[in-house]
Amino acid sequence: MDRGGAERGERRYPLSDFNSWGLAGGAVKSGPTSGVISSFPDAEITMVDTSGNVVAQPGSLGSGSSAFTIAWLRGTWPQFRG
């Protein structure tokens with residue numbers, strides 16, 4: 001669980017309503033190896049607030065394992081869960 005700057009006395013703000021964000025044609029390169037996202041170890045990251053409510057949710061890999069979207073659900077204090 002990541003509390004970000006809150007533990008250092010920094011201000012925190014609710015997650016802005018970005019509606020949805022998408023990536024198409026994603027590619028990965030690590031050293032001499034290249035490929036689509038699913039060619040490498042990957043993890044979905046779901047953002048949750050301090051009560052465990054999901055604030056942003058990624059979708060599944062699609063379009064040849066090189067595309068995905070993430071949807072904003074609500075604007076509360078996010079933490080990250082992967």
> Looking at (1) modelled with pLDDT under 85; (2) surrounded by 13 or more Cβ atoms within 10 Å (Cβ to Cβ); (3) under 12 Å from the mean Cα position of the chain (by Cα), which is the one condition that is false for Gly82?
Replying inline: (2)
>> For segment 52-73, give me each residue that is touching a residue at least 24 places away in the same chain (Cβ under 8 Å) and out of contact with any Phe, Trp or Tyr (no Cβ under 9 Å at 6 or more places or on another chain).
In response: Ser63, Gly64, Ser65, Ser66, Ala67, Phe68
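The values are calculated or read from the model by the stated rules, or taken from the named source; none is laboratory data. Not measured: the values here are computed from a predicted model. FYI the Cβ positions are ideal-geometry reconstructions off the backbone, even for glycines, and counts take in every protein chain you see.
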